[in-house]
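The values are calculated or read from the model by the stated rules, or taken from the named source; none is laboratory data. Because the structure is a prediction, the values reported are computed rather than measured. Every residue, glycine as well, gets a Cβ built from its backbone with ideal geometry; the counts of neighbours run over all protein chains shown.
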Amino acid sequence: MNKTSRSLEPSIHSPDSRGPTTRLPFGIQREASGSQARAATLRTLHGEVRTPVFMPVGTQATVKAQTIDTLKATGTRVLLANTYHLLLRPGPEVFQRFGGIHRFMQWDGPVLTDSGGFQIFSLPHSRTMNEDGACFQSYVDGTSHLLSPESSIAMQRTIGSDIIMALDQCIPSTASYAEAEEAMLLTHRWAERSLQARGDSPQALFGIVQGACHAELRKQSATFLRELPFDGLAIGGLAVGETHRERYDMTALVTEYLPTTLPRYLMGVGTPIDILESVHRGVDMFDCIMPTQLAQRGVVFTSHGKLKLHRAVYKFAEEPLDARCECQTCRHYSRAYLHHLIKASEALGWHLLGQHNLAFYHRLMREMRDSILRDDFVAYYEKHRVELVRTDEEHPGHPPKKPAPTRPERLGDYEIHRSAHGFASIRQISSGEVMHSVIAPDDEANKLYVEQSCLAARLLTPPTLGADDLVIWDVGLGAAFNAMAAIHCFERCYAARGETAPRRLRLVSIEQDLDPLLLAAKQPGPFTHLRHGAPFKLLETGKWVHASGLLHWELLKEDFRDCIETASIPDLIFYDLFSANSHATLWTVEIFTRIFQHCATKSVELYTYSASTAVRVALLAAGFFVAEGMGSGPKSATTLAFTRATGAEEHPLTPRLLDQHWLARWRRSHVQFPATLPIAEHAHFEQLIENHPQFKECR
């Protein structure tokens, strides 16, 4: 099921004296399958913006070394300006005279203004902080100023930007928990004051999530701010000291707690790879000085890798910067000429390289948006997460190092198995058995368990009055392919729900050995289904809850045989353990009988990849009604089992129950009876199968 719905969840904003619910209409066109990436539009006072979007930084009402015309030629749609700098120079009186920043700088597109919080952070020795705001000394004329939530909003109203930011206290991302908590709480109090200060202005206002690199604080901040009537929410306090991994983890965590109906803005980030990773985690808007700052140093981003034009290797290079680029720089100038301009410190070099870098960023955003709309973003992500970190491969700065010997990708009794067809699975070393070995694991999980159980339809169908949560047993968590397929299905339903929220889902994964999931989690490249915060949270705490509160995923770290009677009665069972060939004790009549007896009071469906006669006869002997399931790759069929005689008839796909033809094959089978069944009991077992209610009408 594709995420194509434009419908949004009901607003969490409450109407009050501060004005309308939203002043920034926002609609999602599509969310990418297997990713949190989304393509959307937002409508500002100066036109529509398509996301994902990069905003060049025009701190002082100008983007360094660029004109309005060159900005438009690169594809720029939104500019960012800074309240702190514009307050000091040219000052509010100039903007009052010109009627705002648009006429002042002759820019007719949208403008976002930062509140000045980051600049406060950048001036630790020339400002003092208190509850009112930040007192600082002007770098222009030495005068003292107080930047408070109210004065920041007042200045932004005078500037006339389309999107304004609440004042926040930004601190190093590596700050202690106590320091980060104090700054976060102050940011929350300033956020409420900023909302009051905006009054009836038509400008959209964003709140800023803080909390440094402390997961609990980030959750608290996102949860607090999403309940306030902001028009969008930003993630602040990153790219200020943390590692790339910490940045990605914090971004993924925060977006889980932000409402899907508001734009998400990651402030001050960053490199092309940072932007790609953040779009993958659900961010819509970005800004950074990097395209023009690096251009001044002679550094450009290209499809050939990152180039440093001051290097002598480019002195005689006649080719353009990037053969794939259509910007004015690439169309008219050689690498040699650009190298000369940089070596001579000519301003034209800064201008031309900055123009190219901005065009590169905007092309990256367009390509990501197009891939989301085509629903092949994951493939785009996989390709470009490698390309975007390359340096000039034609002229490397250092001799390439010899590749380090590869170490076996193993953990405990498991190793990564790479198929000849290009996908990866987990293989148990002792038995030689490969999990999801037939087709790509993601495809098999979706087809056999999610699609065959019609999970999406069940989630979007209102439950009967008084019905409990929809409960799934995920028996055999493995590398979490089936569980994540169910979670992604829920998230697609949640995004496309319209006015009706999906049914509450409780996913119970039962697994004693977590090594397969731990091994896959260490290798995010081939296991794309794990690019989500849920499995890592499950490994950490044993549970994960979707931001909506409608999906609960829990782990029972037990032997399945020890918890059959104590686990909540399911509606669906995904039975995906290792096969009876290597783990025979989990496919016996005794095990299936215990499952049937525990579930007999409810209409329960069991799905498994096995179509073996031994497994099917064990299910029949336990009391289940057994049907033939859909095939998977070279497998011609799988198996469904129902606790009720009417289960197959009531199933949306109406699977075919095993009939006399199957019974005839069973009579001829060499596995007609369980291996442990004494010969003296064979006749009784035969009568049990022959007289099963499923076959009565067939005789």
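Here are the numbers:
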quantity	calculated
Leading residue by the ranking (surrounded by the fewest Cβ atoms within 10 Å (Cβ to Cβ)) among those in segment 308-338 that are under 40 Å from the mean Cα position of the chain (by Cα) and of a type in the set (Lys, Arg)	ARG331
Selected residue (criterion: modelled with the highest pLDDT) from residues of segment 207-264 that are touching a Pro at 6+ places or on another chain (Cβ under 9 Å), part of a loop (DSSP other than H, G, I, E, B) and buried (at least 21 other Cβ atoms within 10 Å of the Cβ)	ASP231
Residue in segment 607-621 that is surrounded by fewer than 19 Cβ atoms within 10 Å (Cβ to Cβ), touching a residue at least 60 places away in the same chain (Cβ under 8 Å) and out of contact with any helix residue (DSSP H, G or I) (no Cβ under 9 Å at 6 or more places or on another chain) present	no
Residue count, segment 495-512 (criterion: within 19 Å of ALA445 (Cβ to Cβ) and either charged (D, E, K, R) or in a helix (DSSP H, G or I) (or both))	2
Looking only at segment 265-304, and only at residues there that are in a helix (DSSP H, G or I) and among the aliphatic types (A, V, I, L, M), the one that is nearest to ILE28 (Cα to Cα)	VAL279
Tally, over segment 96-107, of residues that are aliphatic (A, V, I, L, M) and either over 27 Å from TRP190 (Cα atoms) or at pLDDT below 95 (or both)	1
Single residue of segment 151-172 satisfying the filter (in contact with a strand residue (DSSP E or B) (Cβ under 7 Å, 6 or more places away or on another chain) and assigned to a helix (DSSP H, G or I)) that is farthest from ARG226 (Cα to Cα)	ILE159
Test: ALA547 is surrounded by 17 or more Cβ atoms within 10 Å (Cβ to Cβ), in a loop (DSSP other than H, G, I, E, B) and either within 15 Å of the chain's Cα centre (by Cα) or free of Cβ contacts under 8 Å to residues at least 12 places away in the same chain (or both)	yes
Which numbered condition GLU558 fails, given (1) modelled with pLDDT under 95; (2) closer than 28 Å to ARG218 by Cα; (3) among the charged types (D, E, K, R)	(2)
Residue within segment 60-72 that is farther than 30 Å from THR187 by Cβ, out of contact with any Ser or Thr (no Cβ under 8 Å at 6 or more places or on another chain) and among the basic types (Lys, Arg) present	yes
Tally, over segment 44-99, of residues that are under 24 Å from LEU146 (Cβ atoms) and among the β-branched types (Val, Ile, Thr)	3
Filtered residues of segment 225-280 (kept if basic (Lys, Arg), farther than 22 Å from ASP162 by Cα and under 14 Å from the mean Cα position of the chain (by Cα))	ARG247
Exclusive hit being at pLDDT 95 or above, more than 21 Å from ASP370 (Cα to Cα), part of a strand (DSSP E or B) and not assigned by TED's automatic domain parsing to the domain that holds PHE377, set LEU80, LEU42	LEU80
Meets criteria (of a type outside the set (Gly, Ala, Ser), at pLDDT 95 or above, touching a Gly at 6+ places or on another chain (Cβ under 6 Å) and crowded, with 19+ Cβ neighbours inside 10 Å) for LEU341	yes
Segment 292-313 residues that are on the phi < 0 side of the Ramachandran plot and among the hydroxyl-bearing types (Ser, Thr, Tyr), paired with ones that are at pLDDT 95 or above and surrounded by fewer than 19 Cβ atoms within 10 Å (Cβ to Cβ) (beta carbon under 6 Å, 6 or more apart)	THR292/LYS64
Subset of segment 152-172 [without any contact (Cβ under 8 Å) to a residue 60 or more places away in the chain and touching a Gly at 6+ places or on another chain (Cβ under 7 Å)]	LEU167, GLN169
Filtered residues of segment 147-181 (kept if within 18 Å of HIS85 (Cα to Cα) and of a type in the set (A, V, I, L, M))	LEU147, ILE153, ALA154, MET155, ILE159, ILE163, ILE164, MET165, ALA166, LEU167
Subset of segment 492-529 (residues that are surrounded by fewer than 17 Cβ atoms within 10 Å (Cβ to Cβ) and in contact with a Lys or Arg (Cβ under 8 Å, 6 or more places away or on another chain))	GLN512, PRO524
Per-region count, segment 1-39, residues modelled with pLDDT of 80 or more and part of a loop (DSSP other than H, G, I, E, B)	10
So SER437, is it at pLDDT below 85, among the polar types (S, T, N, Q) and not in a strand (DSSP E or B)	yes
Filter result (part of a loop (DSSP other than H, G, I, E, B) and either within 11 Å of PHE625 (Cα to Cα) or touching a Ser or Thr at 6+ places or on another chain (Cβ under 9 Å) (or both)) within segment 671-699	VAL671, GLN672, PRO674, THR676, HIS692
Residue satisfying all of: in segment 45-64; polar (S, T, N, Q) and surrounded by fewer than 23 Cβ atoms within 10 Å (Cβ to Cβ); nearest to PHE286 (Cα to Cα) among these	THR59
Conditions (1) in contact (Cβ under 8 Å) with a residue 60 or more places away in the chain; (2) within 25 Å of HIS598 (Cα to Cα); (3) in contact with a Cys (Cβ under 9 Å, 6 or more places away or on another chain); number of the one not met by PHE685	(3)
Some residue of segment 173-181 being within 21 Å of MET285 (Cβ to Cβ) and either assigned to a loop (DSSP other than H, G, I, E, B) or in contact (Cβ under 8 Å) with a residue 40 or more places away in the chain (or both)	yes
Qualifying residue in segment 640-653 (condition: farther than 21 Å from CYS454 by Cβ, outside any loop (DSSP other than H, G, I, E, B) and not hydroxyl-bearing (Ser, Thr, Tyr))	no
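For (1) farther than 19 Å from THR59 by Cα; (2) modelled with pLDDT of 95 or more; (3) crowded, with 20+ Cβ neighbours inside 10 Å, each residue gets a yes or a no:
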position	(1), (2), (3)
GLU93	no, yes, no
GLY109	no, yes, no
LEU112	no, yes, yes
SER138	no, no, no
GLY142	yes, no, no
GLY160	no, yes, yes
LEU167	no, yes, yes
GLU181	yes, yes, no
LEU186	yes, yes, no
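For every residue, the table says whether it meets (1) buried (at least 16 other Cβ atoms within 10 Å of the Cβ); (2) touching a residue at least 60 places away in the same chain (Cβ under 8 Å); (3) touching a strand residue (DSSP E or B) at 6+ places or on another chain (Cβ under 6 Å).
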site: THR76; (1), (2), (3): yes, yes, yes
site: THR83; (1), (2), (3): yes, yes, yes
site: ARG89; (1), (2), (3): no, no, no
site: GLN96; (1), (2), (3): no, yes, no
site: GLY99; (1), (2), (3): no, yes, no
site: PHE118; (1), (2), (3): yes, yes, no
